[in-house]
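Peer 1: First, the structure itself, so that you have it in front of you.
The values are calculated or read from the model by the stated rules, or taken from the named source; none is laboratory data. Every value quoted in this text rests on a predicted model; they were computed, and no experiment measured them. All Cβ positions, even for glycine, are placed from backbone atoms using ideal geometry, and neighbour counts span all protein chains on display.
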Amino acid sequence: MGVFEDLSHFLEARLDEFLQANPHLELMALEEQLRGQEADAINLLGDLKRRQKQVEDQILSTAQSVQRWHGRVEKARTANRLDLVQAAQERQATLLRQGNTLWGQMQGIKAQIEQTRELQQKIHRKRQELKTNIAHEQQVRRTQTANPESSWDTTGWHQPPVNSFGQPADPLEEKFMRWETEAELEDLKRQMKR
């Protein structure tokens, strides 16, 4: 097992190094992970809604049974069949307890649906933020490759690098943008691990 663990650690380290050298791929991997989590949340919502419908149907059926047994209690009482009155009252009480249990389950399912919906929306927002970061990172890479630092104009004078808006690029601005993007990436990673 030691060899496999060593190999696994080695591969993980190489993967981490590769992703650090290619942050756009890391962002894309995180986006894919968020997509999967969002799909899982949507599937869970569907399952919870089906379960809620089942419990609601059971509550309705139980309520109808309670009404039927209430009518039987009254009918037996009118006929002076005390032996049947007591048995029918016990059955009605059992059904009422069952209905209360089902009602509690339905309230729990509704709370789960609300929590899952909030989680799905939160994941969706994070995914949109990540897509924006990916687009920004791609724009920065395109700008860097389209505007090499040592470009010459037709007169031979050195021209400073320019950004996508034709304005001189600020190396400090680029460093801060890169640093801020990396900080957002680290923040997303921490949030994903929670």
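Peer 1: Quick one: K131 ticks every box in (1) surrounded by fewer than 17 Cβ atoms within 10 Å (Cβ to Cβ); (2) modelled with pLDDT of 95 or more bar one, so which box is it?
Peer 2: (2)
Peer 1: Considering each of R72, R51 in turn, give the residue that is of a type in the set (D, E, K, R), surrounded by 12 or more Cβ atoms within 10 Å (Cβ to Cβ), assigned to a helix (DSSP H, G or I) and more than 23 Å from the chain's Cα centre (by Cα).
Peer 2: Numbers: R51 fails: more than 23 Å from the chain's Cα centre (by Cα).
One residue alone meets the criteria, R72.
Peer 1: When you go through Q138, Q86 one by one, which is the residue that is out of contact with any helix residue (DSSP H, G or I) (no Cβ under 6 Å at 6 or more places or on another chain), touching a residue at least 40 places away in the same chain (Cβ under 8 Å), over 24 Å from D40 (Cβ atoms) and of a type in the set (S, T, N, Q)? Lay out the reasoning, then the answer.
Peer 2: Working: Q86 fails: touching a residue at least 40 places away in the same chain (Cβ under 8 Å).
That would be Q138, the only listed residue that is out of contact with any helix residue (DSSP H, G or I) (no Cβ under 6 Å at 6 or more places or on another chain), touching a residue at least 40 places away in the same chain (Cβ under 8 Å), over 24 Å from D40 (Cβ atoms) and of a type in the set (S, T, N, Q).
Peer 1: A follow-up question, please. Evaluate the range 39-61: report whether one residue or more is charged (D, E, K, R) and modelled with pLDDT under 95.
Peer 2: Yes: the range 39-61 contains one or more residues that are charged (D, E, K, R) and modelled with pLDDT under 95.
Peer 1: Answer yes if at least one residue in the range 16-29 is touching a residue at least 12 places away in the same chain (Cβ under 8 Å) and either touching a strand residue (DSSP E or B) at 6+ places or on another chain (Cβ under 8 Å) or of a type in the set (S, T, N, Q) (or both), and no otherwise.
Peer 2: No, the range 16-29 contains no residue that is touching a residue at least 12 places away in the same chain (Cβ under 8 Å) and either touching a strand residue (DSSP E or B) at 6+ places or on another chain (Cβ under 8 Å) or of a type in the set (S, T, N, Q) (or both).
Peer 1: Just checking, how many residues over the range 78-101 are assigned to a helix (DSSP H, G or I) and over 53 Å from the mean Cα position of the chain (by Cα)?
Peer 2: Of the residues in the range 78-101, the ones assigned to a helix (DSSP H, G or I) are 78, 82-101.
Then drop every residue that is not over 53 Å from the mean Cα position of the chain (by Cα), which leaves 78, 82-85.
Number satisfying all stated conditions: 5.
Peer 1: Can you tell me which residue within the range 169-194, out of those that are outside any helix (DSSP H, G or I) and surrounded by 11 or more Cβ atoms within 10 Å (Cβ to Cβ), is modelled with the lowest pLDDT?
Peer 2: Among residues in the range 169-194 that are outside any helix (DSSP H, G or I) and surrounded by 11 or more Cβ atoms within 10 Å (Cβ to Cβ), the one modelled with the lowest pLDDT is A169.
Peer 1: In this structure, does L102 turn out to be buried (at least 16 other Cβ atoms within 10 Å of the Cβ), under 30 Å from K126 (Cα atoms) and at pLDDT 95 or above?
Peer 2: No.
Peer 1: Still on this structure, please answer the following. Among I123, I109, which is the only one that is closer than 30 Å to R35 by Cα, at pLDDT 95 or above and surrounded by 18 or more Cβ atoms within 10 Å (Cβ to Cβ)? Show your work before the answer.
Peer 2: Values: I123 fails: at pLDDT 95 or above.
After applying the criteria, what remains is I109.
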